[in-house]
Each structure stands twice: as C-alpha cells, then as structure tokens.
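The values are calculated or read from the model by the stated rules, or taken from the named source; none is laboratory data. Fair warning: this is a prediction, and the values are worked out from it, not measured in the lab. With ideal geometry, Cβ positions are generated from the backbone for all residues, glycine too; neighbour counts draw on all protein chains shown. For the accessible areas, the whole protein counts, side chains as well, though only heavy atoms, and no ligand, DNA or RNA atoms are used. Shrake-Rupley method; radii C 1.70, N 1.55, O 1.52, S 1.80 Å.
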Amino acid sequence: MNDDFHRIRRLPPYVFAHIDPIKAKARANGVDVIDLGMGNPDMPTPQHIVDKLKETVNDPRTHRYSSSKGIPGLRKAQASYYGRRFGVKLNPDTQIVATLGSKEGFANMASAITAPGDVVMVPNPTYPIHSFGFIMSGGVVRSMPADPNEDFMRSLDRAVRHSIPKPIALVLNYPANPTAYTATLDFYKEVVAYCRANSIFILSDLAYSEIYFDGEVPPSVLEVPGAIDITVEFTSMSKTYSMPGWRVGFAVGNERLIAALARVKSYLDYGAFTPIQVAAAAALNGDDSVISEVRQIYQNRRDVMVESFARSGWNLPSPKATMFVWSPIPDQYAHLGSLEFAKLLIQETGVAVAPGVGFGEYGDQYVRLALVENEQRIRQAARNIKKFLAGSPSLGNVVPLPVAK
C-alpha cells in the first residue's frame, strides 16, 4: 500500500518540527529556554471577556450546535468594528463570516475558489498558510516580493503577463508576518486598480491591524473605493485581544467570495462554541482601551529587544507593527542558513527563534523573533546572545572542515 498521500506529498515538514525537539531536549537537560520562536501571545485574555464567557456558558441553550458562519451578534459586532476603525460599511448578513481563526478562514477560502492548476500570487517570505492553503487545494503559487515598494507593481504586472493560466488571486499581508512590512493606502489604491482591471481577486490578511507602533495606523485595503468588488479581508482576535486559543477570526468583503466560503464551511463545521462567540462579540463591542494596553506592551518589548540586542552585538531592525522582529542572521553565521543557525542558537544560548526558511526560500538569510516574553526575559536573551557572539562557541551539528597542513 502506498503510504504517500497526494496532498501530504505537497507539504514539506513544518519548520517548527525541526526546532521543537531541540527545545524539548534542552529543557530536559535543565536549560531555561527563552522561546522567541512561535508567535503565541503570552498575555491573559482581558477579564471582562472571560467573565462574559463564564456567564454565557451557564446557559444550557448555548451548549447546542452553533452557526458555521457565526452568530448574528458576532457578525454585527465585526461590522461595527470595521465602521469605527476603517470607515468601511459592511452587511453582516452577506459580507461577513466568522471563522475559527483567520488561518482556518484563509485555508477554506483557498479551497472554495481554487481549481487544479489555478495560479495564485503570494508574497515570499510569508505566513505558510498563504501558500499552502492553495497548494493543498491543487493550485500553483507564483512568488511575489514581500516588501510593498516600487518593485511590487512591476513584479505584479510581470506575473500577470507571463503566467499561464492568468492568476486568479493576489495575497496581501500588511502588517506582514514574518517581515513586519507595512503598506500605505496609496499602495492599496494602486494594487486595487490593477487587480480590478485584470479581474484578479485580492485576499488580504490583516491579522495584525491593531499591533502597530509609534502612531502609524495600518489601513485596510477595503478603504479603497471599489475594493470590495474583488476583495476579502481576514482578521483575527488572537493578537488584538490576547485570545489565541479561543480561535475566533473573520472573513469580510465581497459577497460572492464570502458566500463561497460560507458554503464550504457549512459542510465542515458548526462554528465556534456559542459562549466563545458571545464573549468575542462583547470584546468587539467593549472598551478599546484593552487594545491600547496590549499594543503598548508589545511596543515596550520591541524597544527593549532592539536596544538590548544592539548592546549584545546583534543589530535588529525596529518593526513598525506586528509582534515580530525580522532580522538578518549575524554576518559570521550567515553561511549556515536560518535553520542551522536557529538550532545552534538554542544549543549555545537557550534562545529559540523561528528560521526564516519556514516562511519561504527567500527568508533563509533571516530569523523571526517574537515579542512573546516579558522585558526581563528579553534582556536575559540578549545577555546570553552577547556571550555567544563574543566567544567561540562550538558549531553544534555543523562539522568543521579539516585544517590543511
């Protein structure tokens, strides 16, 4: 019997599958691992959201099957959020679907719209589901620049003119995971005009819309007039409200695309547990000060990381948004590539980072550091790395070449 299933053959091992055993071994040996690898928020969910969950779960009527597209109150709350935050008016009945996190929504949207062989343009490096959602659905991915600079539009035009068949969709992700790049409304206007003229859908991942720094507020592509004719945008409550395990996200935008996603989901799930949805609606309808508090914590951690790592001898770029720092590998270790460098860093310093190659081949000279440890732990990570960079550590599983005599 053939053990290689078709879709599984198209998926490489998840990059953390290489790193997690090394972290586990280090912990088993008594190492205090400072984990800056996975973007798993460490802050507790605000108490009023937890209290609403507790209140609702005591009602036995909420224990029944829920709705795969989300309860009406949650969809209305998301519509209100988009109106307040972006000035975008949405119909909660036809233009919003609640998802089990933005990751699930994105994967099921890919499944809904992709035929075998369809071409989709995806940033590289990027969050893995942006590519592999389409790959699992039989699509073909064409890499695009991740940075929304002057080269992006030339690359977009080249991809459309030279792809056979013509691409059906373009993925955008700003603020970006892992690179932390941000986009302006003028950039979105140019992209929307091009995609409308060429009948290309836009799928925008806006999961980090509220994790921004220094007052530079990220826009939504749906703010562009006419964008809703071709666009669906995905958001998540995981980072904004420190609710990663709750699995609540949204897809909003074009009615045709939203209907396709809702139809696929109707066969696959009954939505999140109703008390979770009620609590999520309370979060969206509540005081936005909790968002500001979370944002300030991440900004403080960013500042501490950039400052303390610079003193250690590793100069990190300062991100404008997201909970990540995307940094080139220090020059003396660049030859190792991101996976071997990440392994070595755990072995020699007890600090875990995410190898850039896990986000695409163009990320192999970078690593991603997540702002998921408190300021004291970040400073300790910097001290560990300072000793590593200043000394002459062993190269772990990297075999040195013999010295010629």
Glu307 to Asp331: FRET efficiency via 1/(1 + (r/R0)^6), r the Cβ-Cβ distance, R0 22 Å, to the nearest 0.05?
0.60
Can you list residues from other chains, or at least 5 along the same chain, whose modelled amide H is less than 5 Å from the amide H of Asn173?
Asp205
Running Debye on the stretch 210-367 with equal point scatterers at the Cα sites and no solvent, what base-10 log of I(q)/I(0) appears at q = 0.08, 0.19 Å⁻¹?
-0.36, -1.23
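Could you work out the equivalent-ellipsoid semi-axes for the chain, taking the square root of 5 times each eigenvalue of the Cα gyration tensor, largest first, in whole Å? Please list the in-between numbers first.
Details: eigenvalues 248, 141, 90 Å².
Semi-axes (√(5λ), whole Å): 35, 27, 21.
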Are there chymotrypsin sites (Phe, Trp or Tyr not before Pro) in the stretch 1-96 that DSSP puts in a loop and that have at most 16 other Cβ atoms within 10 Å, and which ones?
Phe5, Tyr14, Tyr65
When the Karplus curve 6.51 cos²θ - 1.76 cosθ + 1.60 is applied with θ = phi - 60°, which whole-Hz ³J(HN,Hα) does each residue of the stretch 198-214 get, with x for Gly and Pro?
10, 6, 10, 6, 10, 10, 10, 9, 10, 4, 10, 4, 9, 9, 10, 10, 6
With N residues in the stretch 266-351, what two-decimal value do you get for its Cα radius of gyration over 2.2 N^0.38 Å?
1.65
Using the alpha-carbon centroid of each, what span in Å lies between the stretch 266-341 and the stretch 139-155?
23
Quick one: helix 337-349 against the long Cα principal axis of the chain, what's the angle to the nearest 10°, folded into 0 to 90?
60
In whole Hz, the Karplus estimates of ³J(HN,Hα) for the stretch 73-89 (6.51, -1.76, 1.60; θ = phi - 60°; x where Gly or Pro) are x, 6, 5, 5, 5, 5, 4, 5, 4, 5, x, 5, 7, 10, x, 9, 8
From phi via Karplus (6.51, -1.76, 1.60), per-residue ³J(HN,Hα) for the stretch 35-51 in Hz, x at Gly/Pro:
8, 9, x, 7, x, 10, x, 9, 7, x, 5, x, 4, 5, 6, 4, 5
Roughly speaking, to the nearest percent, how much of the chain's 1.4 Å accessible area is carbon and sulfur?
53
Ile8 versus Ser155, label points 7 Å from Cα toward the beta carbon: distance in nm?
3.4
Kindly report, to the nearest 10 Å², the accessible surface of Ser199 as traced by a 1.4 Å probe over protein heavy atoms only.
90
So what is the calculated 222 nm ellipticity per residue for the chain, using -39500 (n - 2.57) for each DSSP H run with n of 4 or more, over all residues, to the nearest 500 deg cm²/dmol?
-13500 deg cm²/dmol
Taking a ≥ b ≥ c as the square roots of the Cα gyration tensor eigenvalues, with a/c under 1.5 meaning rounded and otherwise prolate when a/b beats b/c, else oblate, which class fits the stretch 1-92?
prolate
Compute the angle between helix 274-285 and the longest alpha-carbon principal axis of the chain, please, reported from 0 to 90 degrees and rounded to the nearest 10.
90
Which far-off residues, 5 or more places away or on another chain, put their amide H under 5 Å from the one on Thr231, with H placed in the peptide plane?
Ile202, Asn254
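Given a 1.4 Å probe, how much area per residue of the chain is accessible, in Å²? Write down the numbers at each step before the final one.
Numbers: 18190 Å² over 405 residues.
Roughly 45 Å² per residue, with all protein chains present.
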